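Reading through the structure tokens given below for one structure.
All of the numbers you see were taken from the coordinates with simple rules; none came from a lab. Source: prediction; values computed, not measured. Don't worry about glycine lacking a Cβ; one is built from the backbone with ideal geometry, like all the others, and counts go over all protein chains shown.
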Amino acid sequence: MSLSSESVSNGPRQASGRPVITTATPQIAADYGDLCIVLDREELQALADAIMKVAAMPAADRLARAAGARVAVIERCAWSRQGRRLVRFLEESSAESEAVASGSAELGRREAARPALSP
């Protein structure tokens, strides 16, 4: 069983094939909420309740859920997938930067071509 409050460390924990108990940050709830036990509040009693919930699960259910989480994390966080996401992000950022730059250049050309106002 693992306890984590950082989304970046959750993937490796879930890939371990063991039940994961984690705090409810927005990113973790969105990315991993279906794969782990998410604490609804950061209190010792909530953690104790979550541990008891995991302990009360039939072993087969606990192992099946953990195995499902492992597969999902491997699929969601594979280096090839992360690489494709990074490339897509960089391409989109580059296209946006080029659009802004060309828009600024065009505005500069228009300003330069505009006749000066006399007092």
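Explain nothing, just compute: Karplus ³J(HN,Hα) = 6.51 cos²θ - 1.76 cosθ + 1.60, θ = phi - 60°, for every residue of region 48-63 in order, whole Hz, x for Gly and Pro.
For region 48-63, the Karplus-derived couplings read 4, 4, 5, 4, 5, 4, 5, 5, 7, 5, x, 3, 5, 5, 4, 5 Hz, x marking Gly and Pro.
Sum up the charges of everything whose Cβ sits under 14 Å from the Cβ of Arg62, counting Lys and Arg as +1 and Asp and Glu as -1, but leave Arg62 out. Mind showing how you got there, number by number?
Working: positive: Arg18, Lys53, Arg65, Arg70; negative: Asp61.
Here the count lands on +3.
With Cβ to Cβ distances under 14 Å as the rule, what net charge do the other residues near Arg81 carry (K, R +1; D, E -1)?
Details: positive: Arg76, Arg84, Arg85, Arg88; negative: Asp31, Glu75.
That sum, taken over residues with Cβ under 14 Å, equals +2.
Listed highest first by mean packing, meaning other Cβ atoms within 10 Å per residue, what order do 30-39, 45-54, 91-100 come in?
With the highest mean Cβ count within 10 Å placed first, the list reads 30-39, 45-54, 91-100.
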